[in-house]
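For reference, the structure discussed in these notes is given below.
Rule-based calculations on the coordinates, nothing more; no lab input. Just so it is clear, the structure is predicted and the values come from calculations on it, not from any experiment. Cβ placement follows ideal geometry from the backbone for every residue including glycine, while neighbour counts extend to all protein chains displayed.
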Amino acid sequence: MIELVRTDSANPDFAELVFLLDAELHVRDGDDHSFFAQFNKIDTIKEVVVAYHDELPVGCGAIKPFSQDIAEVKRMFVLPEFRGQGIAGRVLEDLEQWAAQLQFNYLILETGKAMPEAIRLYTKNGFEIIPNYGQYANIESSVCMKKPLLPENVLR
């Protein structure tokens, strides 16, 4: 049984999962890791979802404001031994609902070409690839995506 808990970046379980995420990204990103790491600080994130399996934190994700009507998905991660069970999709769906409740109209995100499973997750959940934005504009290894949030997301 998976339980989703809405919290913020002060949550120690979230911090531990992000530590594990960063370790995995360090391997995947290689020499580019320090560039990406500077955009992934968690100290001021107010909207965080942590997934628990029998009280064990197994996954997480967050959103943060990017502009007045756009929130950015950040820090999506599921422990390797819990992948393939739909946990990331559930976390993402809850983040979408939360963003809609907060009156955002769109979600955006950046992932890497070295993360094909992440690209599949986001595409499966209605995100479309867009031109790279902001600090990722000229980064060949980045893939940026966007999804409109519909008002009915708030009602679910």
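Points to keep in mind about this one:
- Prolate/oblate/rounded label for segment 2-155 (Cα gyration tensor, a/c 1.5): rounded
- Anisotropy class of segment 51-140 from Cα gyration tensor, a/c 1.5 cut: oblate
- Legend: calculated FRET efficiency, residue 105 to residue 5, from the Cβ-Cβ distance at R0 = 25 Å, rounded to 0.05, equals 0.45.
- Each residue, residue 54 and residue 81, gets one label point 7 Å from its Cα in the Cβ direction; the gap between the two is 1.0 nm.
- With contacts taken as Cα pairs under 8 Å at a separation of at least 6 residues, segment 2-155 carries a relative contact order of 19 percent.
- Projected label distance in nm at residue 129 and residue 68, using a 7 Å step from Cα toward the beta-carbon: 3.2 nm
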